[in-house]
Every structure is written in C-alpha cells, then in structure tokens.
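The values are calculated or read from the model by the stated rules, or taken from the named source; none is laboratory data. As the structure is a computational prediction, the values presented were derived from the model and not from experiment. Cβ placement follows ideal geometry from the backbone for every residue including glycine, while neighbour counts extend to all protein chains displayed. To get the accessible areas, we keep the full protein, side chains included, count just its heavy atoms, and leave off ligands, DNA and RNA. Shrake-Rupley method; radii C 1.70, N 1.55, O 1.52, S 1.80 Å.
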Amino acid sequence: MRDVIKTTIDLVSRQSVTPHDEGCQGYMDAILSPLGFTNESMVFEDTTNMWSRKGNTKPVFCFAGHTDVVPTGPATKWKYPPFEPTIDSGFIYGRGTADMKGSLAAMLCATERFVSDYPDHKGSIAYLITSDEEGPFINGTTRVIDTLEARNEKIDYCIVGEPSSTLKTGDTIKNGRRGSLTGDLIVIGIQGHVAYPHLVKNPIHAISPVLTELASTTWDQGNDSFPPTSFQVSNINAGTGAGNVVPGTVEICFNFRFSTEVTDQQLIERVVALLIKHSIEYEIKWTFNGQPFLTPRGTLIDAVVDSIKEVTGIDTELSTAGGTSDGRFIAPTGAQVIELGPENATIHKLNECVSIENIKTLEDVYYATLVRVLA
C-alpha cells in the first residue's frame, strides 16, 4: 500500500501557491486512475479543478479539498525551505503540510486501501479538488458544483479535508460554518487644511461614532449550533501622508461572520440604516462570501464520530467555529458535509508543520469512515 508520509512529501514539494496547481492534481490522477476512477479536469479561467469518480450508483461519498497553498512569506525566516518538506522530531515541515496536502495524502491512501479491501463496495467514491480555495474562490469548487448541478450529479456525503483538529486528529470536526459578508466602505468628506476646520469635512470624525455603534451592536444571540454574529473592522485607510491635511475620504473594510439567526440582507439593511441615521455620505460594495450551513447528526457524522472513537479513543467535539471553507458551496446541494483534518496550530504561519502520527491517524479515520458508509 502507498505510504501516506511519502505522498504528503510528494505533494508539498510542488509550489502550488494560489491559484496554481503545479501538477498536484495530475499526481492525484495517476494514483486514482488505476483504482478505477474516471478523472475529469475542469479548468475555469486561472483555476484548475478535478472531479474524479469511481462508480455510477448512489450514495456518492466525496472527498473535497484544495491543492493550492498560501504564500510562504519570507522563506529565509523558515526553519527549513518551505517547499522542501523536512521531517524533524516527528513533524513534517513545509507549506501546505497541514492546510491541506496532508489531508489529500490521507484521502488517497485511505481510498487505495478501501478499494483493495472492498472491491465490490456499494455506491461511488468521488474527489472534488480545486486550486483556488485560498484565493478569490470564484473559479473553483463553486464552478464545479454548478457543473455537477447542471447535469444533476449529486454528492450525498462529503468530507472536506480542512485542518479541523486542535491538538490531536479527531478531537474536533466541523459540521457547519458561519456565513461571511464583507463591506468595502468609502466615506466621503471634504479635504482641506487642518487649520481651517470650517472649510473641511473630516470623514474620519464622521464615521467614528458609526463604527463604535457597529462594534457594540448585538446582532443576535446565536443558537445551540452557532455563536452570536460578529462584526470586525479589518482595514482602515485615509490621509495624504501629511500631518496638516484633513483627508477627503476614508476607506474601511469590515466583515460579518453571521449565524443562522440573521440573514445577509438583514445585516446590510441595518448597516445602511446606521449610515443614513448619521448623515454619512458614502459608497459601499458588498461581497457575499457564503451562507451559514449546518449538517445535523445523521449517517455521515455518526460514521465519522464512530470512526474517530475506534481509531483514537477520542469523543470528538462538533464545532462551527473558525473561518469559511468550500463546504459552503457543497452543502446547499443537499449533501451532508463535515470537515475533518489534522491539527491547525500552524496553518498559514511560518514553519507550518503537521505531526506524522496525526497524518497516519487521519488516513485510518478516513478508511474506517469509508468502511462504515460504503462497505
């Protein structure tokens, strides 16, 4: 059988910074084809995607993930070169080891084992892989799902390999995610000399009470599955660089991570109402990044929870915390979706690394889940 650590190293060695795949999907294709998978490349604009399927009956069990990684930052500050995966003290170091090439390797090795042990398994196994999850996410999973929906090809169960775990593989799985809404706001004032305040209109002063009110607003109380909706300012930009000039505009980027207790439209309406209340002259662009989704207990969660218990002895925690994932594009089709991957302590950081033990455990959990659902 294929070695999951060598497979991880082979994938991490490819410099697939968003939106580039750098042959990762071709590598996966070469592993899956001999197992009976039909591999379909879907290229949309600058993004390479792969839809791979073995079988033509239901249920369809899908592994979903991404081959792209975030930029490394200063490579000289890494302990080891970020695209030369190195084993040290039980960890593999390299960009993408945790997010999420270790998961891809575990999926591939678990699938190979399962197909060998259960050649007459029921249903179908599929892979939905993209190279733009870390980027603008407009030509990746969402476009593949659109294609599948157009031909009425449905996923029943989906494991997304995002790094969900905290300390040990399986201690946490994500069975949902909050929605995400971004606002890019330009507040318009009148530029001028600071010594003549009667001739200027300072947009920073004008928007400050609005930001205070937005930050202190209780948007909802959350519920049993989701924490309350959160508002955060991520960027503010204003000024000419001179200390004696009132700026003519201030640009503010903010984001809502919202629960199922409120909709994106309700949030937009409440923000606009505040801007009008404070007589703000403004322009705003809204970017809708995804609706909240939740997979309740059922076939998939039960299989994953039981598999984690069998392999690790851990009673896993179900969580909806954290950022968004491509699960938000798959869940609306009716699929049961969860996220299960290795520890997330070093993702997007310098010296990203993953425990060798945890990657091996992840392979075993994926395998055990396949057995429970399709054997």
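Brief remarks follow.
- Backbone geometry of segment 194-207 corresponds, through the Karplus equation with coefficients 6.51, -1.76 and 1.60 at θ = phi - 60°, to 3J(HN,Hα) couplings of 5, 7, 10, x, 6, 9, 10, 9, 7, x, 5, 4, 5, 8 Hz, x marking Gly and Pro.
- The slack in the chain from THR218 to THR38, taken as 0.36 nm per residue of separation less the alpha-carbon distance, amounts to 59.8 nm.
- When DSSP beta bridges are restricted to pairs lying wholly in segment 59-206, around 25% turn out antiparallel.
- Vicinal HN-Hα couplings computed from phi for segment 19-28 (Karplus, 6.51 cos²θ - 1.76 cosθ + 1.60; Hz; Gly/Pro x): x, 7, 9, 6, x, 4, 5, x, 4, 5
- Over the C-alpha atoms of segment 270-311, the Rg to Rh ratio, Rh being the Kirkwood estimate, stands at 1.47.
- Using the empirical formula 2.2 N^0.38 Å as the baseline, the Cα radius of gyration of segment 95-241 reaches a ratio of 1.65.
- Taking the C-alpha atoms of the chain, convex hull volume expressed per residue in Å³: 150
- Alpha-carbon Debye profile of segment 266-357, log10 I(q)/I(0) at 0.23 Å⁻¹: -1.24
- Compared with the dominant Cα axis of the chain, that is its longest principal axis, helix 264-277 is turned about 10°.
- GNM flexibility winner over the chain from ARG328, ARG270, ARG257 (Cα, springs under 10 Å): ARG270
- Axis of helix 102-117 versus longest Cα principal axis of the chain: the two differ by about 30°, to the nearest ten degrees.
- Whole-Å semi-axes of the ellipsoid equivalent to segment 82-156 (Cα gyration tensor, √5λ, descending): 28, 22, 6
- Rounded tilt (10° steps) of 299-312 against the dominant C-alpha axis of the chain: 70
- Electrostatic dipole magnitude of the chain [Cβ: Lys, Arg +1; Asp, Glu -1; Cα centre; debye, to 20]: 240
- Hydrodynamic estimate: the Kirkwood radius of segment 154-224 over Cα pairs, inserted into Stokes-Einstein at 20 °C and 1.002 mPa s, corresponds to D of 121 µm²/s.
- Shape analysis of segment 28-163 based on the Cα gyration tensor places the equivalent ellipsoid semi-axes at 29, 20, 11 Å, largest first.
- In this structure segment 242-335 gives 46 Å² per residue of accessible area when probed at 1.4 Å with all protein chains present.
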